[in-house]
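Okay, here's the structure, questions in a sec.
The values are calculated or read from the model by the stated rules, or taken from the named source; none is laboratory data. Given the structure is predicted, the values throughout are model-derived calculations rather than measurements. Positions of Cβ are generated from backbone atoms using ideal geometry, with glycine treated the same way; all protein chains shown enter the neighbour counts. Heavy atoms of the whole protein, side chains included, go into the accessibility calculation; ligands, DNA and RNA do not. Shrake-Rupley method; radii C 1.70, N 1.55, O 1.52, S 1.80 Å.
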Amino acid sequence: MDSRQLPASLLLVLLSAIWSSAHEGPHDVIDRLTATIRDEGLTADSLFRRGCEYRALRKYRSAAEDFKRALQLEPESDLIRLELLRLQLRQFEAVLVAAGDTAGMQTVAGGLLGRTEPLLDSSEQGVQAAVHALRGQIYRHTQRWRLAIDEFNAALQTHPREIQWVLWRAEAEQQLGHYDAAVAGLREAAATTESPVLQAALCDTLLAAAGQASDAKAEHAAKWLAEAGAIIDQQLARCRLKSRWRIRKAEWALVSGDAGQARAQLLAAIDELDARLNTPRPDPVLIRDRQKALCLMPN
């Protein structure tokens, strides 16, 4: 399983760790791979696949053991080294980032960045791109936004349609107040991919940019606001479930100085959310949307 010989399409599948069939969950795949290992012996491929399933279940210790054993069998595999680093990043996120341990994050981040450097010279472009994105995530967690942007730009040069990388880059750009760049990047990616996630992110960024604009950029802000309004109105006409877009319409109205329209949109959004939340197991996302609507409600 030499990653240097893999075609790009297959490498992307491997990088996403999409191993399960449509009818198997991670536990089923682990059982099947364990039986294969028992009957046919250890191979880097079977260990790698099982490690990906353990990682999906957040069984990080078992995943690390399988990846390390796979690397012993194929010590030249850039792909296995990459997955070990991705696993270490996941552990870093689950422990230090979640706890807000700034000092610990800086220390561990430095070690992770050092271990990524050899893979930047990988002969496989897919591995290089994924390593740049991983480095971008590390810089993002440690709030080194300029460096994060550089890494996501490098990753997106090879794979410009990776939605999550585009979103992370836009977040870093906004943190630095670079709204023009964030809007331009999201606009281009949304047009290329036709992703509803990117279109929503573009709308949110346009609203944020318009809301943060200084008096000197009033004309620019008006254009951002007009573009956001067009997206919102299009989605309100198209979508059956409108609460999230009504909340955006209210944000648009608040930036425009129309508190009356904002209140009407928020009340309509809350009515819809109350109906959708009337269930034994309400969706936490909808609960957060309702809380946001209440927070935005003008006096």
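Cβ-Cβ below 7 Å, separation at least six or inter-chain, first residue in segment 264-287 and closer than 24 Å to Pro298 by Cβ and touching a residue at least 24 places away in the same chain (Cβ under 8 Å), second open to solvent by less than 50 Å² (accessible area, probe 1.4 Å) and basic (Lys, Arg): which pairs?
Pairs found: Glu272/Lys242.
Given the residues Ala230, Ala269, Ala262, which is the only one that is out of contact with any Gly (no Cβ under 6 Å at 6 or more places or on another chain), over 30 Å from Arg146 (Cβ atoms), open to solvent by 30 Å² or more (accessible area, probe 1.4 Å) and not basic (Lys, Arg)?
Answer to the selection: Ala230.
Looking at segment 152-261, what helices (runs of 4 or more DSSP H) fall wholly within it and have at least 1 residues that are more than 25 Å from the chain's Cα centre (by Cα) and closer than 24 Å to Ala293 by Cα?
Ranges flagged: 218-238, 243-256.
Right, something else. Working only within segment 137-157, note down all residues that are surrounded by fewer than 22 Cβ atoms within 10 Å (Cβ to Cβ) and closer than 17 Å to Ala190 by Cα.
Within segment 137-157, Asn153, Leu156, Gln157 qualify.
Another question, then. Can you say whether Gly111 is open to solvent by less than 40 Å² (accessible area, probe 1.4 Å), out of contact with any helix residue (DSSP H, G or I) (no Cβ under 7 Å at 6 or more places or on another chain) and within 27 Å of Phe48 (Cβ to Cβ), as far as the supplied structure shows?
yes
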